[in-house]
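Take a look at the structure below.
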Amino acid sequence: MVKAKKDGFRLCSLISYKLVGVPKDSPKAFMKGSRVDRLFRYFSNESYAKDFIKGMVRFQPLAFFQAFPDETRGDRFEGVSLYRPPGGMQVTRLNGEQITGQIESYQASVDASKIFIYCLSRTLNTRLAIEFNANTSIEIFDVRGFCQRITSALPEGVELANRRLPNGSLAKRLLNPVKYYKEDEDCSVRSAFGDEIAVSKLARYAYQDEVRLMFALKNSLGYGAPTHLMAGSDYTPGSHPDPGPLIINTGDLSSFCRLRSIEKLIGGAQNDS
């Protein structure tokens, strides 16, 4: 493992100058939110779904998913931006010396113990129901009202991700569609911003069509928040300490969502298509 900032290395090619050159208010850093009309949450126990409707929304830290043993829900690269080109990386020291064959990947990571998410999906299908061992689902039909209710119930002082509006101003966002990427894609902007990393996952998870409600403790989501390292093939990212969930008590949510059985909900979605 080689820490990029300490050992006199710099990233070669497009990564080196883009990481250094992205200003704090770069418009590339902020995702244009897409309209979401319906969201779904899968539950393995109907009592959990009923607690949700009563207003008990259980946010988990990213660290929880880093250590989760089931790869459908768990992901050791949760909260990590991974750049791993075929054949490894060519790295140039500040003194001009080039190193090849030793560095397999460049990784930027956030503090996964400080960023909390609640996972939803825009997709309703049998594959997700089976993989999540779900027998019940919640359909959120008023996404805007639902997000406003959650936001108003968040603890004071938490940090939300940023979004650049068409008029150039910035707004805070609770709802974040996940961005899926391949290991060899340009990671320059994603790796510089904590919120970009926290809502990005490897392309193998794209079928989940995930949307995240997300907040963080201060100074965890902005420009410069991630830490950076270059790693050999024997390196596996470790998980951060899991501080446990935060339950946000919102009050009754039945005006924004409803309880549905998996069978009925899938049948209704097929009839609508």
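Please treat every number below as a calculation from the coordinates, not as lab data. What you see is a predicted model; the values in this text were computed from it and never measured. Ideal geometry is used to build each Cβ from the backbone, glycine not excepted, and the neighbour counts take in all protein chains shown.
Annotations
- Rg/Rh ratio calculated on Cα atoms of the range 151-193 (Kirkwood radius): 1.05
- Residues D252 and K182, FRET efficiency given R0 of 30 Å [Cβ-Cβ distance, rounded to 0.05]: 0.10
- In nm, spacing of pseudo-spin labels at N45 and Q102 (7 Å Cα→C-beta vector): 5.1
- Both the radius of gyration and Dmax for the range 87-242 are 18.4, 59 Å, in that order, over alpha-carbon atoms.
- Restricting the range 48-101 to GluC sites (Glu not before Pro) in coil, as DSSP defines it, with at most 12 other Cβ within 10 Å: E71, E97
- Out-of-range pairs (alpha-carbon distance over 23 Å; input K182/K218; K114/K201; K54/K179; K114/K172; K54/K114): K182/K218; K54/K179; K54/K114
- Extension gain, Y205-R127: 0.36 nm per intervening residue step, less the Cα-Cα distance, totals 26.8 nm.
- Likely footprinting exposure, C257, C187, fewest C-beta neighbours within 10 Å first: C257, C187
- Sparse packing (at most 16 other Cβ atoms within 10 Å of the Cβ) combined with a DSSP loop state is found for the following GluC sites (Glu not before Pro) in the range 151-212: E156, E183, E185.
- 14 Å Cα-Cα reach of K50 towards aspartates and glutamates, excluding residues that sit fewer than 8 places from it in its own chain: E139, D252
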